[in-house]
1. Given the conditions (1) surrounded by 14 or more Cβ atoms within 10 Å (Cβ to Cβ); (2) modelled with pLDDT of 85 or more; (3) under 38 Å from the mean Cα position of the chain (by Cα), and given that SER444 satisfies all but one, which numbered condition is not satisfied?
2. Go through region 353-407 and count every residue that is open to solvent by 50 Å² or more (accessible area, probe 1.4 Å) and in a helix (DSSP H, G or I).
3. If you go through region 190-219 one residue at a time, how many are of a type in the set (Ser, Thr, Tyr) and not in a loop (DSSP other than H, G, I, E, B)?
4. Go through region 295-307 residue by residue and tally those that are of a type in the set (D, E, K, R), loosely packed, with under 14 Cβ neighbours inside 10 Å and either in a helix (DSSP H, G or I) or modelled with pLDDT of 75 or more (or both).
5. Looking at (1) assigned to a helix (DSSP H, G or I); (2) open to solvent by 30 Å² or more (accessible area, probe 1.4 Å); (3) at pLDDT 90 or above, which is the one condition that is false for PRO310?
6. What about GLU146, is it part of a helix (DSSP H, G or I) and charged (D, E, K, R)?
7. Kindly evaluate VAL20 against the criterion of being within 31 Å of the chain's Cα centre (by Cα), among the β-branched types (Val, Ile, Thr) and in a helix (DSSP H, G or I).
8. Determine if region 431-438 includes at least one residue that is part of a strand (DSSP E or B) and modelled with pLDDT under 90.
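The values are calculated or read from the model by the stated rules, or taken from the named source; none is laboratory data. Owing to the predicted nature of the structure, the values given are computational and were not obtained by experimental measurement. All Cβ positions, even for glycine, are placed from backbone atoms using ideal geometry, and neighbour counts span all protein chains on display. Side chains included, ligands, DNA and RNA excluded: accessible areas come from the protein's heavy atoms. Shrake-Rupley method; radii C 1.70, N 1.55, O 1.52, S 1.80 Å.
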Amino acid sequence: MSFASIRFRLTAWYFCSLTVILSLYALAVWYGMESSMLKAVDHDLRLRSEDVRQFIIREVTSAPGELADDFQEQAALGLGGGLLEVRDGGGRVLFRSARLGKTQLVERVADSAIEYTTRHGNHINLRIARSAINIGGQRFIIGVAESLHEFQESRESFEGLLALLAFPSLLLAAFGGLWLSSRALLPVDRITNQARRISISNLETRLQQPAAKDELQRLVLTLNEMLERIDSAVKRMEQFPADASHELRAPLTLIYTAAEFSLRRERTCEELLDAMRKILRESGRTSRMVDDLLLLARADSGRDSSTLVPVDLSVSARSAVEQAMVLAEPKGITVSSRIPEGATVVEGDEAALSRLWLILLDNSIKYGKPGGEIDFEVAIEDAEVVVRVSDNGFGIAREELPHIFDRFWRADKVRSRSLGGAGLGLSIAQWIVQEHRGSITVVSEVGKGSQFSVRLPLAPLHSAHTVSSGEFKV
């Protein structure tokens, strides 16, 4: 197991956390045990001190001259618990238990309140309670003590037990942490093994989703969404060469056929000119298609991002409408426009916007009915500019609408090829809109026409302008 692995780090964290918790718990138990035993000893010493105080009061009241002798008699009967020292106000020892030897319990004049101290000796520790009493003008200092030998033995036994259990407890904590981390990471291992089995040949495979609604489920959902995007991208990549070669085959075949036909035998000047016109027309169409493919390839790689600066959208819109009038003339289509009189400022690339409007207008012209109508509208709604291109052409079937922005897709492939379309225009239009942080949608009905709507954010501090309406018959 690698030291850098999550399993090792989880085990280490669990081990360290449990070690700290157990250490704090043991320390708290040890401190509680000591405090509890000292409280019990102090309570016993207080009762003994009170017995001595009551004895002194009785003796001083009845027979003050016999106090020392009476202490000897009563100490033998257990007064003071065996360890007792009494002095008068001048510090003279009135009584000291023989067991104390040279140990002094009262080394200074005590206050009236009882006080407790612990004296640590070489062989024994004593808990001492000192108090003072004033009777008939006389002051007596009382000291009673209790050996802490038994308490010390109990504490040492407890400390030995803790030391004995420390190593196996920590060892158990380490193995417990390893087991818990392994159990916790088992679903991660399953996800890893499933992910390793997914390759470019089976990108449609998805990771098994855990039943629990936890972080792992969110991870699997995110990975499956990523696989979905990769699968779609790979499918587009696989489809792209086939579509591109299919679209390029027709013009290249026509160019080759025209050239071969011209060279097969001697041709008249008119026949040669007609062949050259075909070659020129198809070469131009092929060149435009290659340019569009290169543009989309650069867009996919992110190397052809537009530089967005404040521009007047109305300028590019009017220019596109004027060009559309020329393109619509052969089919007798009416182009009407409603464009704001003042500036409609957006952050964009003017050349890209001009191409966007021309693509949408050209698309409406190609699929418009002869003598039909096209309406180009620029409106300001809230903080957005909305450009709508509407026509009353052939329309698009409902089931085909989700595919209209796909590359090389055409609603009517025969009509599109005859009109010179390669199915890349709307893909380029969608890319331009996305580069301008906008959106493009389409509403269409077969036999009634289509409407493309482009929404772009207004440049900051730009306000709405009045709208003018103009209609042009071409």
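1. Condition (3) is where SER444 drops out.
2. The total comes to 7.
3. The qualifying residues number 2.
4. 1
5. Of the numbered conditions (1) assigned to a helix (DSSP H, G or I); (2) open to solvent by 30 Å² or more (accessible area, probe 1.4 Å); (3) at pLDDT 90 or above, the odd one out for PRO310 is (1).
6. Taking the combined requirement at face value, the residue does not satisfy it.
7. Working: within 31 Å of the chain's Cα centre (by Cα): yes; among the β-branched types (Val, Ile, Thr): yes; in a helix (DSSP H, G or I): yes.
Spelling it out, VAL20 is indeed within 31 Å of the chain's Cα centre (by Cα), among the β-branched types (Val, Ile, Thr) and in a helix (DSSP H, G or I).
8. no
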